[in-house]
Each structure stands twice: as structure tokens, then as C-alpha cells.
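Colleague: Right, I'll just put the structure down here and ask away after.
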Amino acid sequence: MNMEEQQWMDDFRRGEETSLAQLFHAFYPALCLFAFRITADQPAAEDIAEEAFVKVWERRQNFFHIKVVRSYLYTTVKNMAINYRLQKQRRHVLEDQIGLGMERMEEDTIENIIRAETFREIFTALESLPPQCQKIISMIFKDGKNSREVAEELGLAIGTVKTQKARGLVLLKKLIIK
């Protein structure tokens, strides 16, 4: 653990709310996605992710490394999401699915953690792009707009949007693949 991470952990354990805000900013979107993949219910996924942060904050004295905090968050979200899913389904439907579905659920959990962590890294890298590039990449990949729509909305030439998109993708690739 480097000095910055150690300082963050010390602040977190002391109850510095800014450290909680940093943790929330870094992991909330990924945890929501992870919970949604299990629950298929966006509001429930968001509630579950938020509740996981409450739990980690209440137990902050027990954590000495960021990796343990991350593991706790994912484990908590997974368990809460599975419980939500199980409670939502009727008992007889659940019994049919448990025999066949639990093995696949574990495989899905690993895949969903990898997917959520990948998105978290992409979103983190996206924040370090130059502002114009960041805005264009966000509009295209987060909001699902095409280059023409982005150009019209921002009052730019479509060539500028395409150039900024290409530049952003190159920069993201460099940031993510180290």
C-alpha cells in the first residue's frame, strides 16, 4: 500500500467523511451495475449499493487496506442482491431455480464483478481526459448518442467530434492498459 492509500485508510478509519465520499465516488457506479445484474431492478440495485456504503462506514474501524474495503463492498452487495432476488420471487419458483441456478449464479457473480470493475476503471480514466474530449466520449458512450447528435448538441463540426472521440479513445487505452 502506497503512502496515499495509507493516508486515505487512516482518514477513513478516523471517520473523515471526505474519505467516504472518495470511496463512494470510486465504487458506487460499479456496485450499482453489479447489483443490477443480480436483481434486474435499478432502484433496488441503487439502494443495495448505498446500504453497502452504510455498512462499510459503520465497520470502518475493522479495515486496514483498501482491497479489504473493496472486497467487503462487493461481498455485501452480492449477498444483499441475492437476498433481494430471493425474497422477491415466490418460494415454489425459487425451489426450481435453486437446483439449476446457484452454480450459474456463482459464475455470473465473478463475471459481474469483473464487468463492474472494468467499468469503474473506465469511468475513473474518463475523468482524467481533457474536458472537451471527456464530454464527447461521455455523450457517445454513457448517453448513447452518435457523433452527429453530439456535434449538433455542442455546436461543433462532426469532424471535430470524430477527432475528439478518436483522441479520447487513444488516451483511454493508454490510461487503462498500463
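Colleague: Restricted to Cα positions, what overall size does the chain have along the principal axes? Three whole-Å values, descending.
Modeller: On the principal axes, the chain reaches 57, 44, 27 Å in Cα extent.
Colleague: Note down the relative contact order for region 128-178 as a percent, whole number, built from C-alpha pairs under 8 angstrom at least six residues apart.
Modeller: Computed value for region 128-178: 40 percent relative contact order.
Colleague: Starting from region 101-167, pick out the GluC sites (Glu not before Pro) whose DSSP state is loop and whose Cβ has at most 15 other Cβ atoms within 10 Å. Each step should come with its number before you reach the end.
Modeller: Working: sites: Glu103, Glu106, Glu107, Glu111, Glu117, Glu121, Glu127, Glu149, Glu152, Glu153; in loops: Glu127.
In loop regions of region 101-167 (DSSP not H, G, I, E or B), the sparsely surrounded GluC sites (Glu not before Pro) are Glu127.
Colleague: State the dimensionless ratio Rg/Rh of region 128-178 (Rg: radius of gyration of Cα atoms; Rh: Kirkwood radius). Present the calculation step by step, with values, prior to reporting the outcome.
Modeller: Numbers: Rg = 10.6 Å, Rh = 10.8 Å.
So for region 128-178, dividing Rg by the Kirkwood Rh gives 0.98.
Colleague: Around Tyr72, with a cut-off of 13 angstrom between Cβ atoms, what is the net charge of the other residues, counting Lys and Arg +1 and Asp and Glu -1? If you can, show how the numbers build up before the last one.
Modeller: Working: positive: Lys55, Arg59, Arg60, Lys67, Arg70, Lys78; negative: Glu51, Glu58.
Once all neighbours under 13 Å are counted, the net charge is +4.
Colleague: May I ask you to list the aspartates and glutamates whose Cα is less than 15 Å away from that of Lys145, ignoring any residue fewer than eight positions away on the same chain?
Modeller: Result set, ordered by chain and number: Glu153.
Colleague: Hey, what did the chain get for relative contact order, percent, Cα under 8 Å, at least 6 apart? Intermediate values should be presented prior to the final figure.
Modeller: Working: 130 pairs, mean separation 35.2, N = 178.
Worked out over the chain, it gives 20 percent.
Colleague: Oh, and also: Are there any helices in the chain, counted as whole DSSP H runs, that stretch 18 Å or more along their axis by Cα and score at least 0.5 on average by Kyte-Doolittle, and if so which? It would help to have the intermediate numbers written out before the result.
Modeller: Values: long enough: 17-39 (30 Å, 0.90); 42-58 (24 Å, -0.26); 66-88 (33 Å, -0.19); 91-126 (45 Å, -0.32); 158-176 (27 Å, 0.45).
Counting only whole DSSP H runs, the qualifying helices are 17-39.
Colleague: From the cross-link list Lys55/Lys88; Lys55/Lys174; Lys78/Lys135; Lys142/Lys173; Lys78/Lys174, which pairs have alpha carbons spaced over 26 Å apart?
Modeller: Beyond 26 Å: Lys55/Lys174; Lys78/Lys135; Lys78/Lys174.
Colleague: Additional query: Could you pull out every one of the aspartates and glutamates with an alpha carbon less than 13 Å from that of Lys162, ignoring same-chain neighbours closer than 8 positions?
Modeller: Qualifying aspartates and glutamates at Cα under 13 Å: Glu149, Glu152.
Every number in this text was worked out from the coordinates using simple rules, so none of it is lab data. Everything quoted here is computed from the prediction, not taken from an experiment. Using ideal geometry, Cβ is built from the backbone for each residue, glycine included, and neighbour counts are taken over all protein chains shown.
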